[in-house]
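Okay, structure first, notes after.
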Amino acid sequence: MFTAPSRVFSQLARSFRTDVRGLATRPPQPGPGQFAKRPLPPPPPPSSSPSGIRAFLRYSPWSREFPGSWRTRALLQSTVYAVGIVLATNYVDEVWFPKEQGYASPREVRVAIEKLRAAFPEENQVSTNSDELELYGSSDNSYHPASPHSVIVRPQSTEDVVKIVKIAIECRMPMVVYSGATSLEGHFSGISTGSICIDMAGMDKILEINETDSDLVCQSGAKWEDINQTLKEKGIPLFFPLDPGPGATIGGMVGTGCSGTNAVRYGTAKAEWFLNLTVVLPNGEVIKTRRRARKSAAGFDTTKLFIGAEGTLGIVTEATLRLAPLLPTKVAMAQFPNIEKAVDAVQDVLNSAYGNHIQCVELLDDKMMSAINQAGLVSRPYPVSDTLFFKIQGDDPAIKLASKTISSIVKKHGSSKFEFASTDKEADELWMNRKYALMSTMGAFPGMRCWTTDVCVPVSRLPQLVYETKQDLEEAGFISTIVGHVGDGNFHALILFKDNDDRELAKVDDAVHRLVRRALALDGTCTGEHGVGIGKKEFLVEELGEGTVELMKSIKKAVDPLNLCNPGKLYPDNDKKSGSH
């Protein structure tokens, strides 16, 4: 059929226009080694616009409507999978392989040591000597779990302590303060994951003596004996009356809430003998708990917050101490047929008109008197009997009147002997043997170890407690001695056992636990002055109640949320039933 030329040209033109439009809308073809991009999906019709959630889910890399390329989709999916794997791995690590308090890893411990070396470049100010780390992390007179520290740092000032704390925070390293090393309950034991031992021995200076105000300011590494000796050498008729074990420092005395032989007259650390403290908090901030005024009604007493906290709330660097007048004293000794009569006599003496003249009254049982004789530390042997040592203070007329009253009272209670030390030298010797009771006990039985513990009960319950304890230890087959601050119901049991005998050590541990429970049953305390540390923390709920212990823990968490200050001490473990043994 013949088609007119005009129609042919018209059809060809339409076909050409269609091809050109197709070329214009067709995406460019990929070259060699290239991949085609996924075309964008057409927009949904206006009548079927998605809801807000569907519009958001459209951008999910698992959505069929994802607007990006397949490469973008794969990248997002891989990222989500990787994050999920990391979170799952961390969860498994935390549940199956928990870290202790999230403390520093071994690499972070090494980093902390290098930072400390850079901050304290002086020789011997930072030590990683293995023997020193072992020595500073344990004690021969403590039988509780211990670990060596990772590093020892020796600050000279409060500013130095701040530097240490900031490095500890940065590297998550626990800090343990070391001073006099007289603790018996594991207070300065190292932490198994690694710890910084802060040795305060270099911070032992008396900074200021205010004789007119009867106070002085010192660093926390100062020893109470050195303070009193300095006052004596300067001719200042004052002294600091808290007298715990020889070698104790002010910082440790604050931490344990110490007392001593003078407690019957002057009280304990929780009286007003510490007027204020300078403390480096666990966040590195330095505070002073109050001014130097003798009394203050401004706010609650934050000084006492740190007394007995055992270094868990901050690091004490300085203290203002209240001093007492130094009065003349005489030492007397009275011996009794048994402890009950001795304690009854003490109560009558303290309640007499001359009770205020008794500075100290100490009980030494018959075995302690025998140990003093055997140790050979006295110039002449003493009769072996339950004995009271009195230290009477005042001028000569007051001491004579007090002595007459005491002699009459002890005789009424069956005392077989009451005599004064004949010379000052003998008086010092008598009292020194009381202060060094541990050394006398161990000197009398060479080759043996000694576990020393203390409890405290109302004074009227002390005879029962001592009698039952002596009977218990004898039945268990132990050699033991007993000394006590009988005026306030506090006594110490020194239990001897064979060295390197784990079975006997376990028996001693059981005996100590029985002693503590016996004291608690008599409305007493698990420790009168040694402190809680590691050894006594399991008894805290039984003694104080869950509410009080939880309040203590709440304060700890608020002040030290990272738990860097002396962790593992004082507060009962959450995963152990308190008092179980």
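For region 532-570, the set of residues classified as under 22 Å from CYS197 (Cα atoms), assigned to a helix (DSSP H, G or I), open to solvent by 20 Å² or more (accessible area, probe 1.4 Å) and touching a residue at least 60 places away in the same chain (Cβ under 8 Å) consists of VAL559 only. In region 295-345, which residue that is assigned to a loop (DSSP other than H, G, I, E, B), among the hydroxyl-bearing types (Ser, Thr, Tyr) and out of contact with any Ser or Thr (no Cβ under 9 Å at 6 or more places or on another chain) is most open to solvent (accessible area, probe 1.4 Å)? So, considering only residues that are assigned to a loop (DSSP other than H, G, I, E, B), among the hydroxyl-bearing types (Ser, Thr, Tyr) and out of contact with any Ser or Thr (no Cβ under 9 Å at 6 or more places or on another chain), the one most open to solvent (accessible area, probe 1.4 Å) is SER296. The residue of region 374-397 that is nearest to the chain's Cα centre (by Cα), among those that are more than 25 Å from ASN338 (Cα to Cα) and of a type in the set (D, E, K, R), is ASP395.
A quick yes/no check of all residues on (1) closer than 22 Å to GLU123 by Cβ; (2) of a type outside the set (Phe, Trp, Tyr); (3) open to solvent by 30 Å² or more (accessible area, probe 1.4 Å):
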| residue | (1), (2), (3) |
| --- | --- |
| ASN141 | no, yes, yes |
| HIS144 | no, yes, yes |
| VAL151 | yes, yes, no |
| VAL161 | yes, yes, no |
| ARG172 | no, yes, yes |
| VAL176 | no, yes, no |
| THR182 | no, yes, yes |
| GLU185 | no, yes, no |
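Evaluate region 423-432: report whether one residue or more is part of a strand (DSSP E or B) and touching a residue at least 12 places away in the same chain (Cβ under 8 Å). Within region 423-432, not a single residue is part of a strand (DSSP E or B) and touching a residue at least 12 places away in the same chain (Cβ under 8 Å). Within region 486-515, restricting attention to residues that are in contact with a Cys (Cβ under 9 Å, 6 or more places away or on another chain) and open to solvent by 10 Å² or more (accessible area, probe 1.4 Å), the residue that is farthest from HIS413 (Cα to Cα) is ASP488.
So that you can scan it fast, the table gives a plain yes or no per residue for (1) surrounded by fewer than 16 Cβ atoms within 10 Å (Cβ to Cβ); (2) part of a strand (DSSP E or B); (3) not small (Gly, Ala, Ser):
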residue	(1), (2), (3)
CYS360	no, yes, yes
MET368	no, no, yes
ASN373	no, no, yes
LEU377	no, no, yes
PHE390	no, yes, yes
ILE399	no, no, yes
ALA402	no, no, no
SER408	yes, no, no
LYS411	yes, no, yes
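Can you tell me which residues in region 433-475 are hydrophobic (A, V, I, L, M, F, W, C), within 18 Å of ASN373 (Cβ to Cβ) and either part of a helix (DSSP H, G or I) or over 28 Å from the mean Cα position of the chain (by Cα) (or both)? Once the filter is applied, which keeps residues that are hydrophobic (A, V, I, L, M, F, W, C), within 18 Å of ASN373 (Cβ to Cβ) and either part of a helix (DSSP H, G or I) or over 28 Å from the mean Cα position of the chain (by Cα) (or both), region 433-475 yields ALA437, LEU438, MET439, MET442, ALA444, PHE445, MET448.
The values are calculated or read from the model by the stated rules, or taken from the named source; none is laboratory data. What you see is a predicted model; the values in this text were computed from it and never measured. Because the Cβ atoms are built from the backbone with ideal geometry, glycine has one as well, and the counts that use them run over all protein chains shown. Ligands, DNA and RNA are excluded from the accessible area calculation, which covers all protein heavy atoms including side chains. Shrake-Rupley method; radii C 1.70, N 1.55, O 1.52, S 1.80 Å.
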